[in-house]
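A.B. asks: There's a structure below that I have some questions on.
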Amino acid sequence: MLDRVRLSLLLTGTLLQSVMLAGVAEAQDGTGGLSQGATVLDDVVVETEKATQSDEHAESADRALSEYIDRSEIERTQPQSTRDLFAGNAAITVGGGHSIAQKVYVNGVDENNLSVSIDGVKQGNRVFHHTSTNHIDPELLKAARVDPGVAPADAGFGALGGSIVYETVDVPDLLLHDRNFGAFSTTAYETNGSTFSESAAAYGRHEGFELLGYAKFAKGDDYEDGNGFAIPGTGADSLSLLGKIAYETQSGYRFELKGQQLTDDSMRPYRANLAALRGAFTTRQYDITRRNFSFNFGKEDLEGYWNPKVVVGYSENDYSIPVPYNSESTAGTWTAKVENVFKLSEGNTITAGLDLLSEQAEYVGPGQFYEESSQNYGAYVQARLQPFDRLKVSFGGRADSNNFEGIDGTELDNFGLSGNAYGEFMLLDGLSINAGYSNVFGGTDLEETFVFVPTWNYANLDPVRSDNVTAGVKFERNGWFAEGNVFNTRFFDYRENVSNVDFSSYGFNLAAGYSWADGFARVSFSDTKQTLSNGAVSSYALINIGAAVGQVISAEIAHTFQKIDLTIGASLDAALENDAFASSGSEPIAGFAVVNAYAEYKPKQFEALSLRLGVDNIFDETYADRATYGQEYATITPMYEPGRSFRLSGTLRY
């Protein structure tokens, strides 16, 4: 298998060399080699720094290791799922096969243990460990940011292993040039699963007011793995809706109200993240609805001491599963936050705020009703300073009062402090080192509803706390970049039903790349390991904790041929043989290498049109992502990713 990985790397390297030569040939006019910023030429993102346009603290020390995906990158890759969104970064893995089973893992830590938000509203309403916690439609995202490990105090309560921030688009992000009204429609067909999808949006602005409406549906048959086997229950069947209204004053204050809903009602594998158990490919109905509502108020640009921000919102996961118990589960979170950013000077800010979370999770079945709930009241402050040109520091803390109520009415009240510190020092122009540490109080989290047991005794349940340490080095100069970091995340008293367990996830990440006038190339490598205090590492023992992802490689390249208005790109997803489950007596998991490619045509004479042809899994590999559950068990057929698939799409914009 290692030879297969080497062959794919060689193939990708050959393509990289060819495209780079083409880039050099086209750059003889002197436009090659960008040293800073993210430059967009047509729809190729030339990236030597992060795409940070939507983050007011992008240049602070606590963002030194943050991973950004901006709107230009999303338009270039056209992601159809969370897995597509984070492809290209080996430190962020997404397992599960079909979209409702996909979960995000950052440095091997389950997203349930990160502070995840959409437009400032907390997500992570756990219902069922066999399904996704944060199933999203990435098409209308403005940006996504991942803060691995060490997260600042204003990332919110529960940032035990870092944070993930999603932001939906605003009307100006979609309008062409200086127009005030617009619309788009995208139609796509994918051969594997015969999946047809269509999305459309209309939007406009007038005298400070903005209005946006969006809808997308996808329908298809079960997809085939690399062996040509159609996995039952994997067909697309979803509807995504988004509406947003906003008003921005002439002085820069913005009011925004948003509603979002994603539904998936179809036959799915009995356990949605397993293709089969003991050879039985059984299915049952899953009726899933995710809702997000938010109100945001704030200033677009930081200026002076008065930069208020207010967030109020609600997120919810609603699951109805008729078989076998005609059960329904709902988990929801109310978020309220008030903060102010004091801008002392350029590069020097202090953020202070208060936040409230009210979480509720309930299970309803024949003659059964079980519920857990919690309220968290928090206060926080985060200072981001630049004492002198070459040094940036960021430090802060939180105080949280966490009040939990169990199924039987047991109340657990806990108070905890959290702290973080980060520093980045520029050794030479373009060469910097960074380090960070956080100790985070997480209170008592709600358990997933489908494992509620009425006889639970909470007497020995302690609040969770985490330790995060990271250190790294970065180089950026003349279009080249390289970086590496080590990390160690440790959890103490993590909740496992009504008992506690300690675990750790540790390892290192490497990345390098080059940007030229009309394209880029990058490669990343991650090596992650886990330990558990209560026994050997296994998929079952890591449920809701993390994934034993091992050694993962990602590579990507893209180039635009300006004379013919054509962009081509390719990517590699690979993993080496993984012996992470040896302690539980399991055999090593074989490695894999998957190559994808695309071509997109955007004629300058008709800028409203774009046509795209992509092919995923070119060599029809049969594989499961490293973060997919149960690959070490002989009794489980894991949820394999789709085999080779061609996708043709066309977009018209007004």
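A.B. asks: What are the residues in the stretch 477-519 that are over 22 Å from the mean Cα position of the chain (by Cα) and more than 30 Å from Gly416 (Cβ to Cβ), if any?
C.D. replies: Once the filter is applied, which keeps residues that are over 22 Å from the mean Cα position of the chain (by Cα) and more than 30 Å from Gly416 (Cβ to Cβ), the stretch 477-519 yields Arg477, Asn478, Gly479, Trp480, Phe481, Ala482, Tyr514, Ser515, Trp516, Ala517, Asp518, Gly519.
A.B. asks: Any residue in the stretch 302-319 that is farther than 21 Å from Ala246 by Cα sitting within a Cβ distance under 6 Å of a residue that is outside any strand (DSSP E or B)? List the pairs, counting only those 6 or more apart or interchain.
C.D. replies: Matching pairs, first to second residue: Asn317/Asn125; Asn317/Val127; Tyr319/Val127.
A.B. asks: A further question on this structure: If I filter the stretch 58-75 down to residues being touching a Lys or Arg at 6+ places or on another chain (Cβ under 6 Å) and in a loop (DSSP other than H, G, I, E, B), which single residue comes out as surrounded by the most Cβ atoms within 10 Å (Cβ to Cβ)?
C.D. replies: For the stretch 58-75, the residue satisfying everything is Ser60.
A.B. asks: Taking the condition out of contact with any His (no Cβ under 7 Å at 6 or more places or on another chain), over 30 Å from Leu648 (Cβ atoms), crowded, with 22+ Cβ neighbours inside 10 Å and modelled with pLDDT under 50, does Thr31 pass?
C.D. replies: Judged against the criteria, Thr31 is not a match.
A.B. asks: Mind checking which residues of the stretch 368-424 are over 18 Å from Ala151 (Cα atoms) and acidic (Asp, Glu)?
C.D. replies: Scanning the stretch 368-424 gives Glu371, Glu372, Asp389, Glu405, Asp408, Glu411, Asp413.
A.B. asks: Any idea which of (1) of a type in the set (Phe, Trp, Tyr); (2) at pLDDT 95 or above; (3) under 30 Å from Val498 (Cα atoms) is the one Tyr325 doesn't satisfy?
C.D. replies: Checking Tyr325 against (1) of a type in the set (Phe, Trp, Tyr); (2) at pLDDT 95 or above; (3) under 30 Å from Val498 (Cα atoms), the one that fails is (2).
A.B. asks: Looking at (1) surrounded by 15 or more Cβ atoms within 10 Å (Cβ to Cβ); (2) not in a strand (DSSP E or B), can you tell me which one Gly614 breaks?
C.D. replies: (2)
A.B. asks: Separate question: Residue under question is Tyr623, and the condition is that it be outside any helix (DSSP H, G or I), out of contact with any Phe, Trp or Tyr (no Cβ under 8 Å at 6 or more places or on another chain), touching a residue at least 60 places away in the same chain (Cβ under 8 Å) and on the phi < 0 side of the Ramachandran plot; does it hold?
C.D. replies: no
A.B. asks: Take residues that are surrounded by fewer than 17 Cβ atoms within 10 Å (Cβ to Cβ) and in contact with a Lys or Arg (Cβ under 8 Å, 6 or more places away or on another chain) and tell me which of the strands (runs of 3 or more DSSP E) falling wholly in the stretch 345-450 contain 1 or more.
C.D. replies: Per the criteria, 348-365, 368-388, 411-428, 431-443.
A.B. asks: Answer yes if at least one residue in the stretch 593-609 is over 25 Å from the mean Cα position of the chain (by Cα), within 26 Å of Tyr105 (Cα to Cα) and either in a loop (DSSP other than H, G, I, E, B) or among the hydroxyl-bearing types (Ser, Thr, Tyr) (or both), and no otherwise.
C.D. replies: No, that holds for no residue.
A.B. asks: Just to verify a result, which residue in the stretch 328-338, among those that are of a type outside the set (Val, Ile, Thr) and buried (at least 21 other Cβ atoms within 10 Å of the Cβ), is farthest from Thr455 (Cα to Cα)?
C.D. replies: The residue in question is Lys337.
A.B. asks: Also, quick follow-up: Taking the condition of a type in the set (Gly, Ala, Ser), assigned to a strand (DSSP E or B) and under 18 Å from Asp62 (Cα atoms), does Gly313 pass?
C.D. replies: Spelling it out, it is not the case that Gly313 is of a type in the set (Gly, Ala, Ser), assigned to a strand (DSSP E or B) and under 18 Å from Asp62 (Cα atoms).
A.B. asks: Restricting the stretch 638-654 to residues that are part of a strand (DSSP E or B) and under 26 Å from the mean Cα position of the chain (by Cα), which is farthest from Ala275 (Cα to Cα)?
C.D. replies: It comes out as Thr651.
A.B. asks: Within the stretch 506-513, does at least one residue satisfy the condition of being surrounded by fewer than 20 Cβ atoms within 10 Å (Cβ to Cβ) and touching a Gly at 6+ places or on another chain (Cβ under 8 Å)?
C.D. replies: yes
A.B. asks: Taking the options Tyr325, Tyr370, Tyr363, name whichever one is touching a residue at least 40 places away in the same chain (Cβ under 8 Å) and out of contact with any Phe, Trp or Tyr (no Cβ under 6 Å at 6 or more places or on another chain). Even if it seems obvious, please write down each step before you answer.
C.D. replies: Values: Tyr370 fails: out of contact with any Phe, Trp or Tyr (no Cβ under 6 Å at 6 or more places or on another chain); Tyr363 fails: out of contact with any Phe, Trp or Tyr (no Cβ under 6 Å at 6 or more places or on another chain).
Going through Tyr325, Tyr370, Tyr363 in turn, the sole match is Tyr325.
A.B. asks: Let me spell it out: the conditions are (1) surrounded by fewer than 17 Cβ atoms within 10 Å (Cβ to Cβ); (2) over 22 Å from Gly108 (Cβ atoms), and Val473 meets all of them except one. Which number is the exception?
C.D. replies: If we test Val473 against (1) surrounded by fewer than 17 Cβ atoms within 10 Å (Cβ to Cβ); (2) over 22 Å from Gly108 (Cβ atoms), just (2) comes out false.
A.B. asks: Can you tell me which residues in the stretch 528-540 are among the small types (Gly, Ala, Ser) and within 23 Å of the chain's Cα centre (by Cα)?
C.D. replies: Passing the criteria: only Ser539.
A.B. asks: From the list Gly347, Gly365, which one is on the phi > 0 side of the Ramachandran plot and at pLDDT below 95? Before the answer, list the steps.
C.D. replies: Values: Gly365 fails: on the phi > 0 side of the Ramachandran plot.
Matching residue, one of Gly347, Gly365: Gly347.
A.B. asks: Quick test of your reading of the structure: Leu542 fulfils all but one of (1) over 23 Å from Thr635 (Cα atoms); (2) hydrophobic (A, V, I, L, M, F, W, C); (3) touching a Phe, Trp or Tyr at 6+ places or on another chain (Cβ under 9 Å). Name the failing condition by number.
C.D. replies: Answer for Leu542: the failing condition is (1).
A.B. asks: Assess whether Asp573 counts as being under 25 Å from the mean Cα position of the chain (by Cα) and closer than 22 Å to Ser515 by Cβ.
C.D. replies: yes
A.B. asks: Yes or no: the stretch 497-506 includes at least one residue that is over 30 Å from Asp408 (Cβ atoms) and touching an Asp or Glu at 6+ places or on another chain (Cβ under 7 Å).
C.D. replies: no
A.B. asks: Something else about it: If you scan the stretch 578-606, which residues turn out to be hydroxyl-bearing (Ser, Thr, Tyr) and under 22 Å from Ser533 (Cα atoms)?
C.D. replies: Ser583, Ser584, Ser586
A.B. asks: Something else about it: Just to be sure, is Ala580 farther than 24 Å from Ala517 by Cβ, among the small types (Gly, Ala, Ser) and either buried (at least 20 other Cβ atoms within 10 Å of the Cβ) or in contact with an Asp or Glu (Cβ under 6 Å, 6 or more places away or on another chain) (or both)?
C.D. replies: Yes; evaluated as a whole, the condition is true for this residue.
A.B. asks: From the list Thr560, Thr635, which one is touching a Gly at 6+ places or on another chain (Cβ under 7 Å) and either buried (at least 19 other Cβ atoms within 10 Å of the Cβ) or at pLDDT 95 or above (or both)?
C.D. replies: Just one listed residue meets the conditions, Thr560.
The values are calculated or read from the model by the stated rules, or taken from the named source; none is laboratory data. Everything quoted here is computed from the prediction, not taken from an experiment. Cβ coordinates were reconstructed from backbone atoms using ideal geometry, including for glycine residues, and neighbour counts include every protein chain displayed.
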